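Working notes, structure below.
The values are calculated or read from the model by the stated rules, or taken from the named source; none is laboratory data. No experiment lies behind these values; they were computed from the predicted model shown. Here the Cβ positions follow ideal geometry from the backbone for every residue, glycine too, while neighbour counts run over all protein chains shown. For accessibility, only protein heavy atoms count, side chains too; no ligands or nucleic acids. Shrake-Rupley method; radii C 1.70, N 1.55, O 1.52, S 1.80 Å.
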Amino acid sequence: MQTMIAGANVPGEGNTLIATKIRMQHHAPLYPGDRLDATAVLKSVERKATRIGRGAFLVVETTYVNQHHDVVAVETVTLLRFDRAEAS
Amino acid sequence: VRASRAYEDVQVGESLSPFTVPLTLQRMIMEAGANRDFTPTHSDPAAARAVGAPAVFAGATMVETLLEAGIRTWAGLAPRIAVMEYAMRDFTCAGDVVTVTGTVTGKGQHDGKPSAELEVWIESVRGRTMIGSAVVVFAEFRSGD
């Protein structure tokens, strides 16, 4: 969810987000009561025309850390952000 | 709950036991509610069509849930899914009857623990709509793990 919010917050055109590729790496289990921090980093932007419209592929890497500062998961998502009005 | 698969019994090249489920619109909406992902394309047919999909389509958590169900139909509940990766080839839609299956592509070590590498996919009348891979670790949890 943090990844989608980060993708939506990148300045530029495009009002619709679709996750097209995801890699989830789980490093440690989560337990009830854990507190998590998520930090999302925009790794790359590539403009491209696709069959559902013109837009850009954004790669966002989100790292999830627990209250002990252990990395519990790293999520790398390729998001297609495009303008819904251009969809045909 | 069926017994979990033993690592010694895992064979490279074997097929994963298929997991099949009808993706009804009700199921999609229940899943969106359960994970609080109210992106309209995952519950509203008109919003899904507006982005070029034929119907409401599965979001990332639904896809991961389906892939995990497929992996656990074969592996059981004890093994741990360390890595899951997938790419969208087409929309996975409400109304589709989907089957999740795959093959074992390798055995080895992941972070020093016995592991199996899998190729996994979701298929329906649309073909293979999601293709991916996973690393499953066969090790007991320890306290504080």
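The distance from the alpha carbon centre of the stretch B:1-35 to that of the stretch B:75-145 is 9 Å, rounded to a whole number.
For the protein assembly as shown, the solvent-accessible area with a 1.4 angstrom probe is 52 square angstrom per residue. Per residue of A:27-34, count partner chain C-beta atoms within 10 Å of its C-beta, then hand back the mean as an integer. Counting Cβ atoms of other protein chains within 10 Å of each residue's Cβ and averaging gives 1. Dipole magnitude for chain B: computed about the Cα centre from +1 point charges on Lys and Arg Cβ and -1 point charges on Asp and Glu Cβ, it is near 200 debye. Each residue of the stretch B:51-56 was assigned a 3J(HN,Hα) from its phi angle through the Karplus expression (A = 6.51, B = -1.76, C = 1.60, θ = phi - 60°), giving 9, x, 8, x, 7, 3 Hz with x at Gly and Pro.
Rounded to the nearest 20, the Cβ-based charge dipole of the stretch B:23-95 about its Cα centre (Lys and Arg +1, Asp and Glu -1) stands at 100 debye.
Springs join every pair of Cα atoms under 10 Å in this Gaussian network model of chain A, and among A:G14, A:G33, A:G53 the largest mean-square fluctuation is at A:G33. Taking one quarter of the surface of the C-alpha convex hull of chain B gives a mean projected area of 9.5 nm².
Note on the stretch B:42-113: with neighbouring protein chains present and a 1.4 Å probe, carbon and sulfur make up 53 percent of its accessible heavy-atom surface. Let me see the pair-distance distribution of the protein assembly as shown: every alpha carbon pair, 5 Å bin width, integer percents in order. The percentages, shortest bin first, are 1, 6, 13, 16, 18, 17, 14, 9, 4, 1, 0.
Using C-alpha pairs below 8 Å separated by at least 6 residues, the relative contact order for chain B is 29 percent. Applying a DSSP loop filter and a limit of 15 other Cβ atoms within 10 Å to the chymotrypsin sites (Phe, Trp or Tyr not before Pro) in the stretch B:4-110 leaves B:F38. Principal-axis analysis of the Cα atoms of chain B puts helix B:60-75 at an angle of about 40° to the longest axis.
At R0 = 30 Å, how high is the FRET efficiency between B:T103 and A:T20 if r is their beta carbon distance? Nearest 0.05 is fine. That gives a FRET efficiency of 0.80.
Taking one quarter of the surface of the convex hull spanned by the alpha-carbon atoms of chain A gives a direction-averaged projected area of 6.2 nm². Per-residue Karplus couplings for the stretch B:9-15, computed as 6.51 cos²θ - 1.76 cosθ + 1.60 with θ equal to phi - 60°, are listed in order as 8, 6, 10, 5, x, 6, 8 Hz, Gly and Pro entered as x. Highest GNM mean-square fluctuation, chain B, Cα pairs closer than 10 Å: which of B:G132, B:G76, B:G108? Greatest mean-square fluctuation among the candidates belongs to B:G108. When chain B is treated as a Gaussian network with alpha carbon springs shorter than 10 Å, the biggest mean-square fluctuation among B:E123, B:E64, B:E14 belongs to B:E14.
Within 10 Å of the Cβ of each residue in B:81-89, the mean number of Cβ atoms contributed by other protein chains is 5.
Listed by chain and number, the lysines whose C-alpha is less than 20 Å from the C-alpha of A:K21, apart from same-chain residues fewer than 8 away, are A:K43, A:K48.
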